[in-house]
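Chemist: Have a look at the structure that comes next, please.
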Ligand code: 5AD
Ligand code: SF4
């Protein structure tokens, strides 16, 4: 039988990768086969991101290439999925007549039906957001390719409405997934040979499962997943500072196979800016959490997200961000210029008034500073031994392998007789800004 072919391209966050795995699973049940070559596809899906304007521009450029493909192959169906679909809805169909489908993040079960209703210029959209959808019983088709690290999506949506952020509008309200289905998925991954699970959610630590006879918060769920097997190591992302409880930090500290690594977006070092961002914590609260983490989990890997040049950000407020970065000493940071998103609170009520050149200069300053901090952190690791999960053949040389330490640092080492999926002890011998180099001991 000549099966229909699906090509899917994913932009944006890990949640989108995880969603694409659900989409592939839904379509495989309909007889579709995944292809790596867009030109061979009967259906092309682009799973999109709206977080910043440049993320949307990237997708807009890329889909023009698919438009050309469709000229040569008129029966090709093109679907835009995810956050851009949700944000722009029918407008996207009106603007780009070659697009057949626009499908929001909660409507993927409807994809087979939408595909069948399109064709000959008929366009379809489903951008209904749900209060319940978690795709809980759908076993994702893993797109990771190394067969070692997998994502499990445990909650969806966000109710925080940070003033700059489009996510609550594109991914809907917060909802948690049934813990039984999460544990079943973890056990299934273990059986398939996976060694690392990353629990995912927009605010993963706001996870809260409530029924008449059961409540389960994130730290209890995390513990249950870790208990599935000591052969699995567990990560989670992204945490909101308001929900980093003592109980959660203690669970991480006391459980061997929960990785000592926390991504805790601070966004700004100034409490006034945090207030304008509607982040619901101030810098004292944030530092209190960081200090608690440092006291219970010495050497915990710490990373963050920072937005520079938010509405009204003064030099003094920017300097407060520089100061907090120095005080915490993050191992890694994702740093962005503020990008106004239509219809958010900030877009409606505040002026995007920091000069573009000032935004750029501030971004460059913090990037340069973070590079120095990352290098200093890596240099402190020279001579130490790390337990590393072998994840890939090194990009530079097939004689070397790469993997990550518990603290989420990338390590590269001579392969000897290791294979992907092994745990090995690596002694760090030297480093660059982004990588620890070492040898198996
Ligand atoms: N402009 C710039 N960065 C943003 N982020 C979210 N919204 C915006 C925006 N409008 C950043 C935040 C968030 C990360 C995923 O993206 O730092 O933590
Ligand atoms: Fe966006 Fe804030 Fe929700 Fe994170 S917590 S997804 S930044 S609204």
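The values are calculated or read from the model by the stated rules, or taken from the named source; none is laboratory data. In this text the structure is predicted, and so the values were computed from the model without any measurement. Note: ideal-geometry Cβ built from the backbone for every residue, glycine included; neighbour counts use all protein chains shown.
Chemist: Working only within region 313-345, note down all residues that are surrounded by 14 or more Cβ atoms within 10 Å (Cβ to Cβ) and more than 20 Å from residue 372 (Cβ to Cβ).
Modeler: Those that are surrounded by 14 or more Cβ atoms within 10 Å (Cβ to Cβ) and more than 20 Å from residue 372 (Cβ to Cβ): 313, 317, 337, 338, 339, 340, 341, 344, 345.
Chemist: A further question follows. Enumerate the pairs (first residue in region 293-313 and part of a loop (DSSP other than H, G, I, E, B); second residue anywhere and within 9 Å of ligand 1 (Cβ to nearest atom)) with beta-carbon separation below 7 Å, excluding pairs fewer than 6 apart on the same chain, so at least 6 apart or on different chains.
Modeler: Listed by first residue and then by second, the contacts come to 309/337; 309/338; 310/164; 310/338; 311/346.
Chemist: Taking the condition without any contact (Cβ under 8 Å) to a residue 60 or more places away in the chain and either assigned by TED's automatic domain parsing to the domain that holds residue 198 or within 23 Å of residue 237 (Cα to Cα) (or both), does residue 359 pass? Explain how you work it out, then say what you get.
Modeler: Details: without any contact (Cβ under 8 Å) to a residue 60 or more places away in the chain: yes; either assigned by TED's automatic domain parsing to the domain that holds residue 198 or within 23 Å of residue 237 (Cα to Cα) (or both): yes.
In short, yes.
Chemist: Same structure again: Restricting the search to region 173-214, which residues are touching a strand residue (DSSP E or B) at 6+ places or on another chain (Cβ under 9 Å), in a strand (DSSP E or B) and farther than 29 Å from residue 127 by Cα? Let's see the steps before the verdict.
Modeler: First pass over region 173-214, keeping only residues touching a strand residue (DSSP E or B) at 6+ places or on another chain (Cβ under 9 Å): 173-179, 182, 185-186, 189-190, 192, 194-210.
Checking the rest, the ones that are also in a strand (DSSP E or B) come to 175-176, 196-200, 208-210.
Within region 173-214, 196, 197 qualify.
Chemist: Something else about it: Would you check which residues across region 112-126 are under 20 Å from residue 25 (Cα atoms) and surrounded by 18 or more Cβ atoms within 10 Å (Cβ to Cβ) and list them?
Modeler: Of everything in region 112-126, those that are under 20 Å from residue 25 (Cα atoms) and surrounded by 18 or more Cβ atoms within 10 Å (Cβ to Cβ) turn out to be 114, 115, 126.
Chemist: Out of the residues in region 6-16 that are under 15 Å from residue 44 (Cα atoms) and surrounded by 18 or more Cβ atoms within 10 Å (Cβ to Cβ), state the one that is nearest to ligand 1 (Cβ to nearest atom).
Modeler: Step one: filter region 6-16 for residues under 15 Å from residue 44 (Cα atoms), giving 6-11.
Restricting the remaining residues to those that are surrounded by 18 or more Cβ atoms within 10 Å (Cβ to Cβ) gives 6-8, 10-11.
Working: 6: 28, 7: 26, 8: 22, 10: 15, 11: 13 Å.
Among those residues, the one meeting the criterion is 11.
Okay, residues lined up against (1) out of contact with any strand residue (DSSP E or B) (no Cβ under 7 Å at 6 or more places or on another chain); (2) on the phi > 0 side of the Ramachandran plot; (3) within 16 Å of ligand 1 (Cβ to nearest atom):
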site: 139; (1), (2), (3): yes, no, no
site: 142; (1), (2), (3): no, no, no
site: 148; (1), (2), (3): no, no, no
site: 152; (1), (2), (3): no, no, no
site: 162; (1), (2), (3): yes, no, yes
site: 165; (1), (2), (3): yes, no, yes
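Chemist: Specify which of the listed residues (19, 36) is surrounded by fewer than 19 Cβ atoms within 10 Å (Cβ to Cβ) and either within 26 Å of the chain's Cα centre (by Cα) or in a strand (DSSP E or B) (or both). Talk me through it step by step, then tell me what you get.
Modeler: Values: 19 fails: surrounded by fewer than 19 Cβ atoms within 10 Å (Cβ to Cβ).
Sole residue among the options that is surrounded by fewer than 19 Cβ atoms within 10 Å (Cβ to Cβ) and either within 26 Å of the chain's Cα centre (by Cα) or in a strand (DSSP E or B) (or both): 36.
Chemist: Determine if region 68-77 includes at least one residue that is touching a helix residue (DSSP H, G or I) at 6+ places or on another chain (Cβ under 7 Å) and outside any helix (DSSP H, G or I). Full working, then the answer.
Modeler: Just the residues of region 68-77 that are touching a helix residue (DSSP H, G or I) at 6+ places or on another chain (Cβ under 7 Å), to begin with: 69, 76-77.
Filter once more, keeping what is outside any helix (DSSP H, G or I): 76-77.
Yes; the residues of region 68-77 include at least one that is touching a helix residue (DSSP H, G or I) at 6+ places or on another chain (Cβ under 7 Å) and outside any helix (DSSP H, G or I).
Chemist: Now for a separate question. Of the numbered conditions (1) in a helix (DSSP H, G or I); (2) within 16 Å of ligand 1 (Cβ to nearest atom); (3) surrounded by 20 or more Cβ atoms within 10 Å (Cβ to Cβ), residue 377 satisfies every one except a single condition; which is it?
Modeler: Only one criterion in (1) in a helix (DSSP H, G or I); (2) within 16 Å of ligand 1 (Cβ to nearest atom); (3) surrounded by 20 or more Cβ atoms within 10 Å (Cβ to Cβ) is unmet by residue 377, namely (2).
Chemist: Just one of the numbered conditions (1) away from ligand 1 (no atom under 16 Å from the Cβ); (2) assigned by TED's automatic domain parsing to the domain that holds residue 187; (3) more than 18 Å from the chain's Cα centre (by Cα) is not true of residue 172; which one?
Modeler: (3)
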